[in-house]
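Before I ask anything, let me first share the structure, which is written out below as structure tokens.
Where a number appears in this text, it was derived from the coordinates with a stated rule and is not lab data. Source: prediction; values computed, not measured. Cβ placement follows ideal geometry from the backbone for every residue including glycine, while neighbour counts extend to all protein chains displayed.
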Amino acid sequence: MGNSHHHHDDSHHDDHDDVGYHASYKGYAIGFLLSVVLTAIPFWLVMNKVLPSSTATALVILGFAAVQVVVHMVYFLHMNTKVEGGWSMLALIFTAVVIFIMLAGSIWVMYHLNTNMMPVHDMQSM
């Protein structure tokens, strides 16, 4: 009787492990290498002025930053849709929406402050 109960606990434990993400040295090594590459490429783009305009360079760097955030979440924070019944993913989406609203609002305010401020040459004549 005791052995069958113990065996049942082992099979339940194995089923539970399949749901979550297993942290391994291989996973951390892959995450680290991806992080280094995703940092080195934007650094190289900026230092060698590879792209013709600073706007294009900034957009490419933002793209690399977004990819790196996903790499960190998957390989280091072990987030996926199955962890905690999907609530961690829902919290992540909510956080991303709030950050997007804050950044877009800040850029909008700074842009309008810049266009509506008094020009420098008018201030010197005062």
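Taking θ = phi - 60°, what integer Hz values does the Karplus form 6.51 cos²θ - 1.76 cosθ + 1.60 yield along the range 46-63, in sequence order, with x for Gly and Pro?
6, 5, 9, 6, 5, 8, x, 10, 5, 5, 5, 4, 5, 5, 5, 5, 4, x
Using per-residue counts of other Cβ atoms within 10 Å, averaged over each peptide, order 51-58, 74-81 from highest down.
Sorting 51-58, 74-81 by mean packing, highest first, produces 74-81, 51-58.
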